[in-house]
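Below: one structure, written as structure tokens.
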Amino acid sequence: MPAGSNSKRERQYEHIKEGAEKRGTSTGRAKEIAARTVNKERARSGESRTASRTSTKDRKSAPERGGQRSGNRTGSQGPTRDQLYNEARQRGVEGRSNMNKNQLAKALGR
């Protein structure tokens, strides 16, 4: 358990660790999960001296976030030409085989 934690965080740590071990997680991994979770909660509530931006900025838990920070599957420049082409094929866009990426995006209304 991290130094400077209170009895509430001690109980929380033990509860999380025991739950992880019941699910079949190794003892070491269970300790890591519990410590990370408790440290994040301490950072959110202002109990720790330092906190990462992601600990304090995003108030939602991982299940509440629903993968919002897991990355955009289309990449920084949007979907690839192949992805646009496949969507155009599904929608039945005429002349799609002769179109470039920008033309496909325009035809799909993007």
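Rounded to the nearest Hz, the phi-derived 3J(HN,Hα) couplings of the stretch 9-25 under the Karplus curve 6.51 cos²θ - 1.76 cosθ + 1.60 (θ = phi - 60°) are 5, 4, 5, 4, 4, 4, 4, 5, 4, 5, x, 5, 5, 5, 7, x, 6, where x marks glycine and proline.
On full extension, the segment bounded by Ser26 and Glu94 gains 18.9 nm, given 0.36 nm per residue less the C-alpha separation.
Readers should treat all values here as calculations from the given coordinates under stated rules, not as data from a laboratory. The structure displayed is predicted, hence computed values, not measured ones.
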